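The values are calculated or read from the model by the stated rules, or taken from the named source; none is laboratory data. Just so it is clear, the structure is predicted and the values come from calculations on it, not from any experiment. Methodologically, a virtual Cβ is constructed for each residue, glycine included, from the backbone with ideal geometry; neighbour enumeration extends over all protein chains shown.
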Amino acid sequence: MKKFGLVLVTVFMTVALLAACGGGNGGNNGGNAVNNGGNAANGGSNAGAENAGGSAGAAEGESTEGGDISGTITFLTNRTDMIDKEYVDYAKRFKEKYPNAEVKFEAVTDLDKTTKIRIASGEFPDVVLIPTLPNSDLPKYFAPLDDLGLNDRIYFKDYKSFEGKVYGISAGGSTTGIVYNKKAFADAGITAIPKTLDEFYAAAEKLKAKGIVPLASNFKDQWTLYPWASELPSSIAGNANLNNERVNSDTPYTLDNPYGQAMTIIRTMYEKGYLEPDVNSTNWEQSKKDIASGKFAMYLLGNWVIPQVIESGTTSDNVGFFPMPYDNSGKVNVALAPDWGYGVNKDSKNLATAKAFVKWMVEESGFDDFAGFIPVLKDKEAKVAQLSEFNSFSPTYIEAVSDSAETTEVVNKAQIVKEALVQEFVLAKDPQAILDKYNKQWAKAKKAVLK
């Protein structure tokens, strides 16, 4: 693990212990993936096609951002649930700091696809969450953010950077694991958290016997399957660069490699009846209520979902979080990933205001707490109490890396949607045939791109 990762994990451990003592619950709703899928495609937490610390004053903002903070800007977001609610307060507070400026919010459910289309058209909002583009393309569309005075204060600085310039700043960080209802576990007679895959299946069997759906997959919504296609394979491999290493092979998907191993687990869960009774009619919003009530027991998702479950009808102390055991070794790696990154349209008519908004979102909005994120600011403590339990299992954190330009180009050429691969693999009579299909697409695209 890199030194950065070790330092960050140390911070998480300290933060989690402090949070446990303080009893914080991490806010209300949250997460990169709300309604349309998180940020796991590029090694982080984006579904879809692969491809509040110290605050600077207005005077500093105006000088570092190179212009007057005035005019109206628009922020394109995936948080449809915050429109006419929390975003109203955000707009009010931003205007209180910058009286001559105004921010409007536009929310979409298919963020990655929609943002790409808008960018390709040449017309896109002032501030967006950067979609799955190669980092080499970032200067074509986005303004550098190095003048915000944040570079030395944040994690994941290089995640959305190119040639030494920062073009995107993550909204927060997350790790992936099993979010579970403690009462459901107790009702099923589960007295110890599973530390091996066999123990995990055994716990699922107990839940099923009690009439509790063991794992909410939200299979139909597709985007929720991202951990099985990215985070979990990287964890199994102990290699954050797994996605990029696919360019070295014409057959990156095999039954016995980390991709096949991860997808075989959810296929097994499906075959044993441990997922929803009808995976083709699942509902994301309802599932949060069902996890909260104990009708469903578990999610495999990031810590960002914890506040959403709590807000859906339970208490913080009824929600737990532990690493997903993917084998029987008793040891586990977990992915550590940045969320969507804020980016500023380089052609914004109010560039200084757009940059000031990004800085305000990171430093003052409180969105990271609200969303249940691990803060991107190095000197800010996380508010997600469940991280204390998670870290008590001593997982090894695997720090995410960006997909390379070559990997992104091959994925786009092959038109591979990793969550669709999971769906097909789980439902297929012959899963090997599905892998053969995707390997064929991959090899053809690779040959065309990497000449």
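VAL179 meets the stated requirement of being among the hydrophobic types (A, V, I, L, M, F, W, C), crowded, with 22+ Cβ neighbours inside 10 Å and within 30 Å of SER392 (Cβ to Cβ). Of the strands (runs of 3 or more DSSP E) lying entirely inside region 301-365, those containing at least 2 residues that are under 15 Å from SER174 (Cα atoms) are 319-322, 333-338. For first residues located in region 387-402 and among the polar types (S, T, N, Q), partners that are buried (at least 19 other Cβ atoms within 10 Å of the Cβ) and in a loop (DSSP other than H, G, I, E, B) and lie 6+ apart or on another chain with Cβ distances below 8 Å form the pairs THR396/VAL332; SER402/ASN42; SER402/GLY43; SER402/TYR159; SER402/LYS160.
Listed conditions (1) at pLDDT below 95; (2) surrounded by 23 or more Cβ atoms within 10 Å (Cβ to Cβ) are all met by TYR299, apart from (1). The set of residues in region 156-176 that are surrounded by fewer than 21 Cβ atoms within 10 Å (Cβ to Cβ) and in contact with a Pro (Cβ under 7 Å, 6 or more places away or on another chain) comprises PHE162, LYS165.
So is ASN303 polar (S, T, N, Q) and in contact with a Pro (Cβ under 8 Å, 6 or more places away or on another chain) or not? Against the criterion (polar (S, T, N, Q) and in contact with a Pro (Cβ under 8 Å, 6 or more places away or on another chain)), ASN303 does not qualify. Picking from residues in region 119-144 that are in a helix (DSSP H, G or I) and either assigned by TED's automatic domain parsing to the domain that holds VAL417 or crowded, with 19+ Cβ neighbours inside 10 Å (or both), the one that is nearest to the chain's Cα centre (by Cα) is ASN135.
In this structure, does ASP379 turn out to be at pLDDT below 95, surrounded by fewer than 24 Cβ atoms within 10 Å (Cβ to Cβ) and either in contact with a Gly (Cβ under 9 Å, 6 or more places away or on another chain) or not hydrophobic (A, V, I, L, M, F, W, C) (or both)? Answer is yes for this residue. Do you know which of the residues in region 58-105 that are at pLDDT below 95, of a type outside the set (Gly, Ala, Ser) and more than 28 Å from the chain's Cα centre (by Cα) is surrounded by the most Cβ atoms within 10 Å (Cβ to Cβ)? Among residues in region 58-105 that are at pLDDT below 95, of a type outside the set (Gly, Ala, Ser) and more than 28 Å from the chain's Cα centre (by Cα), the one surrounded by the most Cβ atoms within 10 Å (Cβ to Cβ) is GLU65. When we screen PHE425, PHE357, PHE393 for residues that are surrounded by 21 or more Cβ atoms within 10 Å (Cβ to Cβ) and either farther than 30 Å from ASN248 by Cα or β-branched (Val, Ile, Thr) (or both), the only hit is PHE357.
Within region 422-451, can you find the residues that are under 15 Å from ASN280 (Cα atoms) and outside any loop (DSSP other than H, G, I, E, B)? Within region 422-451, VAL422, GLN423, GLU424, PHE425, VAL426, LEU427 meet the criteria. May I ask you to verify whether ILE265 is touching a strand residue (DSSP E or B) at 6+ places or on another chain (Cβ under 8 Å), within 24 Å of ALA400 (Cα to Cα) and aliphatic (A, V, I, L, M)? Here the answer is no, as ILE265 does not meet what is asked. Among residues of region 382-413 being among the acidic types (Asp, Glu) and part of a helix (DSSP H, G or I), the one that is modelled with the highest pLDDT is GLU389. Of the residues GLY149, GLY172, the single one that is within 25 Å of LYS380 (Cα to Cα) and out of contact with any strand residue (DSSP E or B) (no Cβ under 9 Å at 6 or more places or on another chain) is GLY149.
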